[in-house]
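Here the structure comes first, spelled out in structure tokens, and everything after it is commentary.
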Amino acid sequence: MTAKLEMLRERAHDAREAMEAEYARRREDLGVRIERGRLVFDQRIRKRQREARQKFSEYVAAIRPMNVVTAPVIYSVIIAFVTLDLFVTLYMWICFPVYGIPRVRRRDHIVVDRHMLPYLNWVQKFNCVYCSYGNGVLAYAREVAARTEAYWCPIKHARRWEGAHEYYHDFMDYGDTCDFVERWAESRNRITEGRDAMRPIVVGRRKD
């Protein structure tokens, strides 16, 4: 990676850290605290949030007929989410130890907490749980796939790719053969945190 690319990456990392710090500050301003991994609201804050809850009758009256018609399609995707969750987890637990890749912590990606907000009615809470699980599973699967890609195919695409994950920036440039085998080994060593279990084989040149 060139010095300029490394500098840009560091700037992007600093920007993400600054955004997370700002999110935390705003949560504190809204009276949200996290104690031992649990969300805690002051009684005054909880009372104000309950008062902000929309009346259920008003919520139901605002539902459009097409929302009801499409709801079964939306909720049916839970089958795909659960299946993906199961297969990705099995794949990771079976294969990652063979490669030496650290397992992904599922709870870091599947976060379900919005249902604890007092200003949501039971339907909104249900929907928030569903959205949290669905998006969490996709994020979890993406991380597992990203680590797999960093091990097996750490090469950038020829054209711009909007789906780049955090490991993608360390991948080799498309078409760059300079120290190809060695850099592939470095990528495996990096993703396995030094526990590379299967380094690329260096094939010697054939002698005439």
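The values are calculated or read from the model by the stated rules, or taken from the named source; none is laboratory data. All figures in this text were calculated on a predicted structure; none of them were measured in a lab. So basically every Cβ, Gly included, is an ideal-geometry build from the backbone, and we count neighbours across all protein chains shown. Quick note on the areas: whole protein, heavy atoms, side chains included, nothing else; ligands and nucleic acids left out. Shrake-Rupley method; radii C 1.70, N 1.55, O 1.52, S 1.80 Å.
Among the residues of segment 166-180, write down those that are of a type in the set (A, V, I, L, M, F, W, C) and in contact (Cβ under 8 Å) with a residue 12 or more places away in the chain.
If the condition is that a residue be of a type in the set (A, V, I, L, M, F, W, C) and in contact (Cβ under 8 Å) with a residue 12 or more places away in the chain, then PHE171, MET172 are the ones that fit.
Kindly check whether there is at least one residue in segment 88-110 that is loosely packed, with under 11 Cβ neighbours inside 10 Å and either of a type in the set (Asp, Glu) or not in a helix (DSSP H, G or I) (or both).
Yes, there is a match, as at least one residue in segment 88-110 is loosely packed, with under 11 Cβ neighbours inside 10 Å and either of a type in the set (Asp, Glu) or not in a helix (DSSP H, G or I) (or both).
Has segment 137-157 got at least one residue that is over 26 Å from PRO97 (Cα atoms) and outside any helix (DSSP H, G or I)?
Yes, segment 137-157 contains a residue that is over 26 Å from PRO97 (Cα atoms) and outside any helix (DSSP H, G or I).
Within segment 58-74, identify whether any single residue is farther than 30 Å from LYS156 by Cβ, within 22 Å of the chain's Cα centre (by Cα) and modelled with pLDDT of 85 or more, and answer yes or no.
Residues of segment 58-74 that are farther than 30 Å from LYS156 by Cβ, as a first pass: 58-74.
Retained after the next criterion (residues that are within 22 Å of the chain's Cα centre (by Cα)): 74.
With the extra rule that they be modelled with pLDDT of 85 or more, the set shrinks to 74.
Among the residues of segment 58-74, at least one is farther than 30 Å from LYS156 by Cβ, within 22 Å of the chain's Cα centre (by Cα) and modelled with pLDDT of 85 or more, which makes the answer yes.
Okay, residues lined up against (1) touching a Cys at 6+ places or on another chain (Cβ under 7 Å); (2) aliphatic (A, V, I, L, M):
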site: VAL88; (1), (2): no, yes
site: TYR99; (1), (2): no, no
site: ARG114; (1), (2): yes, no
site: CYS131; (1), (2): no, no
site: ALA164; (1), (2): no, yes
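When both residues are 6+ apart or on different chains and their Cβ atoms are under 7 Å apart, which pairs have a first residue that lies in segment 142-165 and is open to solvent by 60 Å² or more (accessible area, probe 1.4 Å), and a second that is not in a helix (DSSP H, G or I)?
What qualifies is ARG142/HIS165; HIS157/TYR174; ALA158/TYR174.
Just one of the numbered conditions (1) outside any loop (DSSP other than H, G, I, E, B); (2) without any contact (Cβ under 8 Å) to a residue 24 or more places away in the chain; (3) open to solvent by 40 Å² or more (accessible area, probe 1.4 Å) is not true of ILE63; which one?
Here ILE63 meets the rest and fails (1).
Considering each residue of segment 178-194, count those that are surrounded by fewer than 17 Cβ atoms within 10 Å (Cβ to Cβ), not hydrophobic (A, V, I, L, M, F, W, C) and not in a helix (DSSP H, G or I), and give that number.
Adding up the residues that qualify gives 3.
Within segment 75-82, can one find any residue that is of a type in the set (Val, Ile, Thr) and open to solvent by 70 Å² or more (accessible area, probe 1.4 Å)?
Initial filter on segment 75-82 (of a type in the set (Val, Ile, Thr)): 77-79, 82.
Pick out the ones that are also open to solvent by 70 Å² or more (accessible area, probe 1.4 Å) and you get 79, 82.
Yes: segment 75-82 contains one or more residues that are of a type in the set (Val, Ile, Thr) and open to solvent by 70 Å² or more (accessible area, probe 1.4 Å).
Tell me, yes or no, whether segment 16-33 has at least one residue that is assigned to a loop (DSSP other than H, G, I, E, B), open to solvent by 80 Å² or more (accessible area, probe 1.4 Å), within 22 Å of LYS125 (Cα to Cα) and at pLDDT below 70. Full working, then the answer.
Start the filter on segment 16-33 by keeping residues that are assigned to a loop (DSSP other than H, G, I, E, B), which leaves 30-31.
Right, trim to open to solvent by 80 Å² or more (accessible area, probe 1.4 Å) and you get 30.
Among the residues that remain, those that are also within 22 Å of LYS125 (Cα to Cα) are: 30.
With the extra rule that they be at pLDDT below 70, the set shrinks to 30.
Scanning segment 16-33, I find at least one residue that is assigned to a loop (DSSP other than H, G, I, E, B), open to solvent by 80 Å² or more (accessible area, probe 1.4 Å), within 22 Å of LYS125 (Cα to Cα) and at pLDDT below 70, so the answer is yes.
Out of segment 83-107, which residues are without any contact (Cβ under 8 Å) to a residue 12 or more places away in the chain and closer than 18 Å to ASN135 by Cβ?
THR83, LEU86, PHE87, ARG105, ARG107
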